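The values are calculated or read from the model by the stated rules, or taken from the named source; none is laboratory data. Since we're looking at a predicted model, the values are computed, not measured. We place every Cβ from the backbone using ideal geometry, glycine too, and count neighbours over all the protein chains shown. Accessible surface areas use protein heavy atoms only, side chains included; no ligands, DNA or RNA. Shrake-Rupley method; radii C 1.70, N 1.55, O 1.52, S 1.80 Å.
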Amino acid sequence: MAEKIVEVSTHMGAGWKVTAQVREHTLVIDQPTATNEGANPLETFLFSLAGCISAIAKMAARDEKLALRGIDIHVKAVMNPAGLLGQATDDPVGFKQIDIQADIDADISDEEKAAFLDRVCHRCPVHDNLLHPTLVTHHSVASA
């Protein structure tokens, strides 16, 4: 199958609000101590994980002919904010732990729900990016 390119461009002006136009959607990331017009980047990251798991669950249920009435995902993450504040720490700057709880509304046993969630997480690109190192590069754009 051909590779798919996913791109997002953002803009931040004088305040803390970051916006992106993604297809016909305007996405906003903000800080609660600023104008609080959107979730912060860490909340958005966890929302992406939960959203991806939910979407993949719908796809997997369709593939497996499972009558999935709904799925509620709760994601809880632990981090030491010292690194993002520029303070010395032995902890990672990002999350130290992420816990995912899924309430799967389907007529299957608890064991089958656990196995289904395992299959879903295995197919979820966001989950996969957390489990396996992904090459991330960065560079600044030269001034004109």
Would you kindly identify the strands (runs of 3 or more DSSP E) lying entirely within region 1-58 that contain at least 1 residues that are at pLDDT 95 or above, among the hydrophobic types (A, V, I, L, M, F, W, C) and surrounded by fewer than 12 Cβ atoms within 10 Å (Cβ to Cβ)? 10-12
Mind counting the residues in region 60-91 that are touching a strand residue (DSSP E or B) at 6+ places or on another chain (Cβ under 8 Å) and under 19 Å from residue 127 (Cβ atoms)? 10
Within region 59-75, residues open to solvent by less than 60 Å² (accessible area, probe 1.4 Å) and either under 18 Å from the mean Cα position of the chain (by Cα) or closer than 25 Å to residue 94 by Cβ (or both) come out as 71, 73, 75
With 78, 136, 93 as the choices, which residue is farther than 21 Å from residue 16 by Cα and open to solvent by 80 Å² or more (accessible area, probe 1.4 Å)? 136
Every pair of residues 6+ apart whose Cβ atoms lie under 6 Å, when the first sits in region 64-84 and is more than 17 Å from residue 47 (Cα to Cα) while the second is among the charged types (D, E, K, R) and not in a strand (DSSP E or B): 80/91
